[in-house]
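The structure appears below as structure tokens.
The values are calculated or read from the model by the stated rules, or taken from the named source; none is laboratory data. Predicted model only: the values in this text are computed from it and were never measured. A quick note on method: Cβ atoms are made from the backbone with ideal geometry, for glycine too, and the neighbour counts reach across all protein chains shown.
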Amino acid sequence: MVVLARNWWALALRGLAAILFGIAALVVPHIALAVLIALFGAYALVDGVFAIVSAVRAAERHMRWWPLLLEGLAGIVVGVLTFVWPVVTALLLLYFIASWAIVTGVFEILAAIRLRREITGEWLLGLTGVLSVVFGLLLIIFPGAGALTVVWLIGIYALVFGLLLVGLALRLRSASQEGIRSRGPGAAVSSRGGRTGGA
């Protein structure tokens, strides 16, 4: 929990990126496909980078890190593909997004299960994973939905996903502050004792 709590900002930034992407999709539902591809690619890249940051921090503390790493790599790969291969059909874009959502969701669920004894509020991480998997499956099951419907679905998913991540980040931030306060007096006494002993 210590590692995730100290790096709550990484989750918060991932959540904010998702919220901004979701708002953009909802506020401008008739957005051009090329713009939607660019927005999604940028979001997937940012999300992947911060997932990898969380994985590296977890690895430094010998915690379960590989689900976060794989999630981050998946985001970066999909993000890069959307920029390297911009001339893509709407259907293929949907499958890109669906695959990314399902992979991301599975690794978030795995991370929540692995970390359930180490963090508080792990159900929020698990819930984001379930949401991602359901969203990805909906895109695959109903690929023929209208473009406007798809944009709204993507926007709502990103907004809810982001809010859940920010909620988890705030819970971890509170847990971190409580831990610091609970360790404060003892740490101060230990510090004073160390200086007295040295004198």
- prompt: Just for the range 103-124: of the residues that are of a type outside the set (Phe, Trp, Tyr), at pLDDT 65 or above and surrounded by 20 or more Cβ atoms within 10 Å (Cβ to Cβ), which one is farthest from ALA55 (Cα to Cα)?
  reply: LEU124
task: Select from the range 46-74 the residues that are touching a Lys or Arg at 6+ places or on another chain (Cβ under 7 Å), assigned to a helix (DSSP H, G or I) and at pLDDT below 80 and write down the one among them that is farthest from THR104 (Cα to Cα).
output: ALA58
- line: Pairing a residue in the range 75-87 that is modelled with pLDDT of 80 or more with any residue that is surrounded by 15 or more Cβ atoms within 10 Å (Cβ to Cβ) and assigned to a loop (DSSP other than H, G, I, E, B), where Cβ atoms lie under 8 Å and the two sit 6 or more apart in sequence or on different chains, gives none
